1. Yes or no: B:R115 surrounded by fewer than 22 Cβ atoms within 10 Å (Cβ to Cβ), basic (K, R), touching a residue at least 60 places away in the same chain (Cβ under 8 Å) and in the same structural domain as B:P12 (by TED's automatic domain parsing)?
2. For segment A:80-109, how many residues are in a loop (DSSP other than H, G, I, E, B), modelled with pLDDT of 95 or more, surrounded by 24 or more Cβ atoms within 10 Å (Cβ to Cβ) and more than 7 Å from chain B (Cβ to nearest Cβ)?
3. Could you list all residues from segment A:152-161 that are touching a residue at least 12 places away in the same chain (Cβ under 8 Å) and surrounded by fewer than 21 Cβ atoms within 10 Å (Cβ to Cβ)?
4. Could you count how many residues in segment B:65-75 are surrounded by fewer than 14 Cβ atoms within 10 Å (Cβ to Cβ) and within 16 Å of B:F43 (Cβ to Cβ)?
5. Looking only at segment A:110-130, which residues are farther than 21 Å from A:R24 by Cα and facing chain B (nearest Cβ under 7 Å)?
6. From the list B:A133, B:A139, which one is part of a helix (DSSP H, G or I), touching a residue at least 40 places away in the same chain (Cβ under 8 Å) and either facing another protein chain (nearest Cβ under 9 Å) or out of contact with any helix residue (DSSP H, G or I) (no Cβ under 7 Å at 6 or more places or on another chain) (or both)?
7. Could you look through segment A:193-229, keep only residues that are touching a residue at least 24 places away in the same chain (Cβ under 8 Å), closer than 16 Å to A:R137 by Cβ and not aliphatic (A, V, I, L, M), and pick out the one that is surrounded by the most Cβ atoms within 10 Å (Cβ to Cβ)?
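The values are calculated or read from the model by the stated rules, or taken from the named source; none is laboratory data. None of these values were measured; they are calculated from a predicted model. Cβ placement follows ideal geometry from the backbone for every residue including glycine, while neighbour counts extend to all protein chains displayed.
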2 protein chains.
Amino acid sequence: MTGTLYGIGTGPGDPELVTRKAWRIVSEAQVIAYPSAEGTGSFARSIMAEAISPDAVEIEMPVPMVSGRAPAQSIYESGAATIRQHLEAGRDVAVLCEGDPLFYGSFMYVLARLRDDFTTMVIPGVTSMTACASAHRQALVARNDTLVVIPATLDDETIRDRIAMAEAAVIMKLGRHLPRLKFLLDGMGLTGKALFVSHASLPHENATPLAEAPEEAPYFSMIIIYKGADPWI
Amino acid sequence: MTGTLYGIGTGPGDPELVTRKAWRIVSEAQVIAYPSAEGTGSFARSIMAEAISPDAVEIEMPVPMVSGRAPAQSIYESGAATIRQHLEAGRDVAVLCEGDPLFYGSFMYVLARLRDDFTTMVIPGVTSMTACASAHRQALVARNDTLVVIPATLDDETIRDRIAMAEAAVIMKLGRHLPRLKFLLDGMGLTGKALFVSHASLPHENATPLAEAPEEAPYFSMIIIYKGADPWI
């Protein structure tokens, strides 16, 4: 009997925004795996810290903060190989992933390497996107609106075109791109309709109109834009 | 002291996919409110049934299944008036909403009428969108991809244009539109890249390639499309 591979969405940051199912599976798991970033450790593990059994084996995947795909993929390759050994020995493995595992999540790199060989279950999580709308208490998308979700890493023209064809837009992974995006959105006349959020659902959450956003944004921050008038009355 | 208004995301359907925070707040709430549909009752209430206190006051908002905005808005108007009385009397009110309250959620209609007058908190939930990706164990969106979320109610040309400008697409609220969308996606050469899901996370979940989808789809079903090759290795 081989073990089951679980992809666990840990939600946006508040440990209470973890689903009951994710909490239970992680509490019961004999083996836990998670990516970590140099210097800041594993955000996903910090969210689940209270659920993890002191007896659990932990597999850390230290993802290097360098450009190019190869260095990170090398880490997921060796992480997946270690996870494979536990699964073959009959132990369940829970892989932690902030937000949702399949929404810009790193779990997909582990999943792609193991899903054909083992029973796999994915537990969806609350995305940072809806946590940011919650922080502002404003609808993200309504009725017959189209929503477009765009990484800030794309070029100006692509971002402009994609925002133009939807009623609502989310720009993810801001980081160092924030000043450029502020300028871009101002040129589109959208500053007044744009909201900024960093660290959604955490004690240091910052939710402001885009015009009042800080100069420097962390990677885990985003802009949400609603272009229509309030359509919900 | 007035009460607090809570918008509660109940997730896609499995009661275990409710967040710990939503479960706690609903367990403690003196007053619960929810929309219901004629004949089928309240899906959001059914998800939370085990959490609701037998002593809680319940406010049902029976949303009529007719076209036009006015009949439904009339129900939200009178529901909000009843909720207002409880908040003014100092009682907290938890409004249940399937999925996430601000992602095509009905909570926004209550929120718009009360947020200026009362302390309001929104508890985000797992959306059906990521639950559908989980059902197929396939990444919804990765790396620098753009995702577009489109209601099936839009016309063919609009849907075609919006799918064309993103790497990944979700078509929500299928219902009677499924045959039309199958034909449309076939014409775009996307049938082989399209997945169908109904009743995500429930015991009768149906997750199939679009080509094998049933002729009749429920309202709570969707198509997810990934246009690229697997980008996650």
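1. yes
2. Here the count works out to 2.
3. Across segment A:152-161, the qualifying residues are A:T153, A:D156, A:R160.
4. Adding up the residues that qualify gives 1.
5. Answer for segment A:110-130, where residues must be farther than 21 Å from A:R24 by Cα and facing chain B (nearest Cβ under 7 Å): A:A112, A:R115, A:T130.
6. Values: B:A139 fails: part of a helix (DSSP H, G or I).
Result: B:A133 is the single residue among B:A133, B:A139 that is part of a helix (DSSP H, G or I), touching a residue at least 40 places away in the same chain (Cβ under 8 Å) and either facing another protein chain (nearest Cβ under 9 Å) or out of contact with any helix residue (DSSP H, G or I) (no Cβ under 7 Å at 6 or more places or on another chain) (or both).
7. Within segment A:193-229, the match that is surrounded by the most Cβ atoms within 10 Å (Cβ to Cβ) is A:F196.
Yes/no matrix, rows are residues, columns are (1) farther than 29 Å from B:F107 by Cβ; (2) of a type outside the set (K, R):
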| residue | (1), (2) |
| --- | --- |
| A:R45 | yes, no |
| A:R69 | yes, no |
| A:E77 | yes, yes |
| A:D100 | no, yes |
| A:G105 | no, yes |
